[in-house]
1. Within the group B:32, B:60, which residue is more than 24 Å from residue A:22 (Cβ to Cβ), among the acidic types (Asp, Glu), out of contact with any Leu (no Cβ under 6 Å at 6 or more places or on another chain) and modelled with pLDDT under 85?
2. Somewhere in region B:207-216, is a residue aliphatic (A, V, I, L, M), within 33 Å of the chain's Cα centre (by Cα) and in a loop (DSSP other than H, G, I, E, B)?
3. Quickly run through region B:297-322 and pick out the residues that are closer than 23 Å to residue B:255 by Cα and surrounded by fewer than 19 Cβ atoms within 10 Å (Cβ to Cβ).
4. If residue B:478 passes every condition in (1) within 30 Å of residue B:245 (Cα to Cα); (2) at pLDDT 75 or above but one, which one does it miss?
5. When you check residue B:22 against the structure, is it of a type in the set (Lys, Arg), more than 25 Å from residue A:16 (Cβ to Cβ) and modelled with pLDDT under 75, yes or no?
6. For region B:411-424, how many residues are part of a strand (DSSP E or B) and exposed (fewer than 14 other Cβ atoms within 10 Å of the Cβ)?
7. Consider residue B:132 carefully, then state whether it is at pLDDT 90 or above, crowded, with 18+ Cβ neighbours inside 10 Å and in contact with a Leu (Cβ under 6 Å, 6 or more places away or on another chain).
8. List every residue pair whose Cβ atoms lie under 6 Å apart, where the two residues are 6 or more positions apart in sequence or sit on different chains, the first residue falls within region B:276-289 and is part of a loop (DSSP other than H, G, I, E, B), and the second residue, located anywhere, is among the charged types (D, E, K, R).
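The values are calculated or read from the model by the stated rules, or taken from the named source; none is laboratory data. Values in this document were obtained by computation on a predicted structure and should not be read as measured data. In this analysis, Cβ positions are derived from the backbone assuming ideal geometry, glycine residues included, and neighbour counts consider all displayed protein chains.
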Amino acid sequence: MTPGFLCAIRGPVMLITLGVLLSIHNFGTVSFARTWPVLLIVFGIFKLMERSGTRMPQ
Amino acid sequence: MNRTSIVAPLLLIGVGVLFLARNLYPDLALIDYFARYWPVLLILWGVLRLAEVLFWAATDKGLPPSGISGMSGGEWILIFLLCMIGLSVHTIRGFETWWPHSGITMGGIDMFGESFEYPLAGEKAASKTPRVIIESFRGNARITGSDTTTVKVTGHKSIRSLEQSGADRANQDSPFEITGEGNELTIRTNQDHISGKQRITDDMEITVPKGATIEAHGRLGDFDVSDVTGNVEIVSDNAGVRLQNIGGEVKVDLRKSDIIRAVGVKGPVDLKGHGADVELQDIDGQVTIAGTYSGVIQFRNISKPLRFNGQQTDLNIERLPGQVRMALGDFTATNLVGPVRLNTRSRDVHISDFTNALEVSVERGDVELRPGKLPLARMDVHVNFGDVELKLPSAAKFDLTATTNRGETYTDFGAPLRSDNTGKGGGIRGSDGGPVITLQTERGKMSVLKATSDDKPFTPEVEAPPTAATPVKPLQKVEQ
């Protein structure tokens, strides 16, 4: 789990999350207005993992 | 190793396929599909990029340098544009307003709100032929005429709210009422009195005097109207409409609908707006339809002129003792009283048993005609791209000119028809003094054949024919 790898998959994973949330919104289960914080959470998790990754000497 | 993403070419292919589909099936509701499923594109895009990154990592070709995300800035801009287009289409197509009325819920607790139910009832005396107005509301209504002189409403109200007290308050703030008297009654749900987070739906069973005239407005929900001798007018943002046994005039204007069905209407029928399926049967008045309908359109037994004015297809029929069915890229009709005029962009056309005169103009598609009865109708058929086939009874009298500018000709009719070929195209000509028949295709095969006993009239396959009795089903709840 190098920072480079995390960085590389961050974009796609965020995109998938966004797509899933908007799909759920379109099918009328839960509105995107309610689920958008999930994006922040996912982004935060990535940042955390990157931090713990950089502590190790590269 | 070349790191160019495969997403861009795939995107190109996808757009190409979409446009091709649109060209081949112009009536396909692609916009509707896009409005509904566009977030799936985001997911696919993400999955593809993720797969690429994993593939690079696995093949040890090295990762992109640290600090560079798996996606380029240009891609994010494209995604942003896609989101904007998707959201606006989704909103315009009227699926719902995208931004909630209540604003963004920061805590995210609201989604745990429950639905609270309250009974709904009202009754008011009316004249024998009252005008009943239903003010705009969310929910379903079933309106039935009967031998009474009262307007009676029963049903229930559903309120979505966080807690009982909020729902109770909303219930009190949106009292159900029937106002007016005698000749004009208004049914009001007062849903607009509630602002904020509660969402209200009223489902109503309404009994009205037989002679009533109905004027209903809705935002979301179905209307079932039966056994009313007055006029019926329905205006809604999104509704399924089922009408049965209506004595007066019918007017339906919808922004979106899954089905419009009318069976047994004495007066004229007038449809407007957007929708999917349309089914009209046993209509004694003139039928006028102007709108975009993407589903299966069926007409049966219409005793006055029918005027259909769609996005891709115009159709005029003087009288329809038989039936017409239009579905994806197909037009099938049998037993029409002319003059009949059909003008369509892209459909295969099959028509049998028609009288007086037939005028068909098709941009792309094959035309197959089987006039079963004699004397023949006058025919004028023009096709830009497609085959034309005419099957004539052997005793028919006609004055026929059939030409193709590019393609073969074929006839097995015998005298008086002769076929001649000139360069790339050809013609079939012959006359024994009957009505004028002109068939023309710019590019395609031209055949004039002798009808055999195997050639039956086209019978459009019928999907779920409307039955005489209204199916008794409980009112469905409108989704929150």
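1. Numbers: B:32 fails: more than 24 Å from residue A:22 (Cβ to Cβ).
Every option except B:60 fails the conditions.
2. First, pick out the residues of region B:207-216 that are aliphatic (A, V, I, L, M): B:208, B:212, B:214, B:216.
Retained after the next criterion (residues that are within 33 Å of the chain's Cα centre (by Cα)): B:208, B:212, B:214, B:216.
Then keep just the ones that are in a loop (DSSP other than H, G, I, E, B); that gives B:212.
Yes, some residue in region B:207-216 is aliphatic (A, V, I, L, M), within 33 Å of the chain's Cα centre (by Cα) and in a loop (DSSP other than H, G, I, E, B).
3. Start the filter on region B:297-322 by keeping residues that are closer than 23 Å to residue B:255 by Cα, which leaves B:297-299, B:306-315.
If the condition is that a residue be closer than 23 Å to residue B:255 by Cα and surrounded by fewer than 19 Cβ atoms within 10 Å (Cβ to Cβ), then B:307, B:309, B:311, B:312, B:314 are the ones that fit.
4. Only one criterion is unmet by residue B:478, namely (2).
5. Details: of a type in the set (Lys, Arg): yes; more than 25 Å from residue A:16 (Cβ to Cβ): yes; modelled with pLDDT under 75: yes.
Considered against the rule, which asks whether it is of a type in the set (Lys, Arg), more than 25 Å from residue A:16 (Cβ to Cβ) and modelled with pLDDT under 75, residue B:22 comes out as yes.
6. Looking only at region B:411-424, we keep the residues that are part of a strand (DSSP E or B), and these are B:411, B:418-422.
Subset that is exposed (fewer than 14 other Cβ atoms within 10 Å of the Cβ): B:418, B:420-422.
Result for region B:411-424: 4.
7. Yes; evaluated as a whole, the condition is true for this residue.
8. Qualifying pairs under 6 Å: B:276/B:258; B:284/B:266; B:285/B:304; B:286/B:304.
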